Structure formats: C-alpha cells, structure tokens
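Undergrad: After the structure tokens below, expect a handful of questions from me.
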Amino acid sequence: MRGITSTMRPAPRRRLRSILRATATTPEDERDIPGINSLTTSGAAPSVGADWSMVAWESARKVVDELYPPQAYGERRIAARDAALDHALSSGTEPPGGVPLAGDGLVYGEFDATFFARLLAAAQPRQGDIFVDVGSGVGRLILTAALLWPSAWANCHGIELLPELHGAAIDARVRFDALPSPLSTLPIAPVEYSAIDVYSASGGATLREADVVFVYAVTWARDAQGRLTELSHALARSGIKQDARIITVGVTLLPEASGVRFERVRSLQGDNEETGPDSLGHIFRVVRDT
C-alpha cells in the first residue's frame, strides 16, 4: 500500500465504517469550480509550485466526494456524535444533557474543500513540508491536502482524539487504493494518522515536526476575544518550528503564548456551510525571539 502510517489501529464502530463505505454516484457540484486565480485572490498569494493545477483540484474533489459522499454528511455527523458521547461517558466528562452539544470541543464538522484549498495555498506549502491537521476526524482534509500537493509534502499527518474517527480515516485511505482507475493511480503524498490528544506529549511531538498546521476548532476553549488560549500555549510549549504556519478558522491565536509569538500574516474570507458565507480563515507565522 502506498504511503500510509498509523500509530494506532482500533476497530471502528461498524456504523461509522458502513456509512463511509456507502457507494453512491457523486453529483456534479452545483457551484462553478473556480480557477487557480480566483482560488488565490484576496491578496494574490504567491505560487505554490507545479503541483497546483485545475487537474489536481478536480481530481482531488472527485476522490474526496467518492470516499466521503456529501449526501451522507448528516449520517457521519450523527455517528461522530455517538463516538464523542462514548468518549465522554468513558472518561467521566459527560456534558450537560448527556450528549455532546453545540459548543462542546468534540462537535464534528466538515470544512469546505474549496476554502481549505485557498487557505493552504495562502500558507505557501514548500518542498519537504509536513502538514498536520489537528482534529482530523475521518481524514477528509488530510486526503485533500495529500492529493493537491503530492510531491510537496513530506507527510500529511492527521491527529484525532476519537478512535472511531481515527479508524474510519484509515479505512478511507485504504479504499482510495481500491477506487477505479484513474482515481486510484493519482499521485498522493504520504499520509499518517494518530489517535492521540493534541495536548498530550505525543501531540506535542507531532506539532513540533509540523510546518503547516490546520485547526478547524470553532468550538474549542477560547477567551472573550475568540482566541484559542489552550491551543496557543500547547503550540508554543511543543517547540513548534520558527516560521511554521498555523491556519485557524473563525477563531484566532493569542499574539503571544509561553514565550512564542504568533504573527498574523494573512486573513481570507470564504464560504463554509457550517460557519457561513463570510467565514474568516487566518494564517499565523510562528516567531521565536532569540
């Protein structure tokens, strides 16, 4: 099997596995797929290299929609909520009402692929970079990134707290190799999945290796200004690299945490169904004062 690594291989819940394996003819996206110039407007991000092309974009969308049928999103969200509830019950952190509610850190969401591609392009992937998706769920954005820049990334690493979602991400990557040609033969960067807590020592070690980090964490712990307080300190304490780029959506990082500065270098507006047509994505650069 081409380029897949896992630090854990739990048996996922049958319900989630069966949902992800559902076969369906993927309908054409009703929206026009924008060209590269429109993907990188709002300040004209520099070129990200030969990997980025409309062929790569359209192919990546076809693969992702085959592996994660858009019409099954609601079922994936319900199954993920069940997994979050299991975690809450087993860890003794059951939320009020007995189920994870909107605003809880484990609420499942799927970020818009077009906006994601724009944000990644703005973060300027470089040859040999490592991409990390924090809270990667069933691995949808990991595969998107790996297909869009197959020769740029040294590794695309998804870290996910819930074992059921971690297992489903691995299953999706395995099923990629079983897709009909030419989809299964598309170039893809190495991928890795870890069932770990971002706030653990293993999570810190993963962040320390990252060059580009994506965090879709609109329900995570934040202050009154919408800044991810705990995550900002976790990133700083991890020893994350100088000049690493952190992408957040709808929320920001602290300007300084544990002796590390997070310099906001760019913000992009885009459409994301879960957060609205005027959603904001932010790119931060890590600055370590010597």
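The values are calculated or read from the model by the stated rules, or taken from the named source; none is laboratory data. Predicted model, so just to flag it, every value in this text is computed and none were measured. Backbone-built Cβ (ideal geometry, glycine too); neighbour counts: all protein chains shown.
Undergrad: Lys241 versus (1) closer than 18 Å to Tyr199 by Cβ; (2) outside any strand (DSSP E or B): which is the lone unmet condition?
TA: (1)
Undergrad: Pick from Ser194, Ser238: which is among the polar types (S, T, N, Q) and within 24 Å of Pro150 (Cα to Cα)?
TA: Only one candidate passes the filter, namely Ser194.
Undergrad: Just checking, how many residues over the range 215-232 are part of a helix (DSSP H, G or I) and not polar (S, T, N, Q)?
TA: Adding up the residues that qualify gives 2.
Undergrad: Yes or no: the range 163-181 includes at least one residue that is at pLDDT 95 or above, of a type in the set (Ser, Thr, Tyr) and surrounded by fewer than 21 Cβ atoms within 10 Å (Cβ to Cβ).
TA: No, the range 163-181 contains no residue that is at pLDDT 95 or above, of a type in the set (Ser, Thr, Tyr) and surrounded by fewer than 21 Cβ atoms within 10 Å (Cβ to Cβ).
Undergrad: Considering only residues that are without any contact (Cβ under 8 Å) to a residue 60 or more places away in the chain and within 15 Å of Arg118 (Cβ to Cβ), which ones fall in the range 266-281?
TA: Once the filter is applied, which keeps residues that are without any contact (Cβ under 8 Å) to a residue 60 or more places away in the chain and within 15 Å of Arg118 (Cβ to Cβ), the range 266-281 yields Ser267, Thr275, Pro277, Asp278, Leu280.
Undergrad: Would you check if Ala221 is touching a helix residue (DSSP H, G or I) at 6+ places or on another chain (Cβ under 7 Å) and either more than 23 Å from Gly128 (Cβ to Cβ) or surrounded by fewer than 21 Cβ atoms within 10 Å (Cβ to Cβ) (or both)?
TA: yes
Undergrad: Cβ-Cβ under 9 Å, sequence separation 6+ or interchain: first residue in the range 237-250 and on the phi > 0 side of the Ramachandran plot and free of Cβ contacts under 8 Å to residues at least 60 places away in the same chain, partner crowded, with 24+ Cβ neighbours inside 10 Å and among the hydroxyl-bearing types (Ser, Thr, Tyr). Which pairs?
TA: What qualifies is Gly250/Tyr216.
Undergrad: Do you know which of the residues in the range 133-147 that are at pLDDT 95 or above and among the hydrophobic types (A, V, I, L, M, F, W, C) is farthest from Thr185 (Cα to Cα)?
TA: Val134
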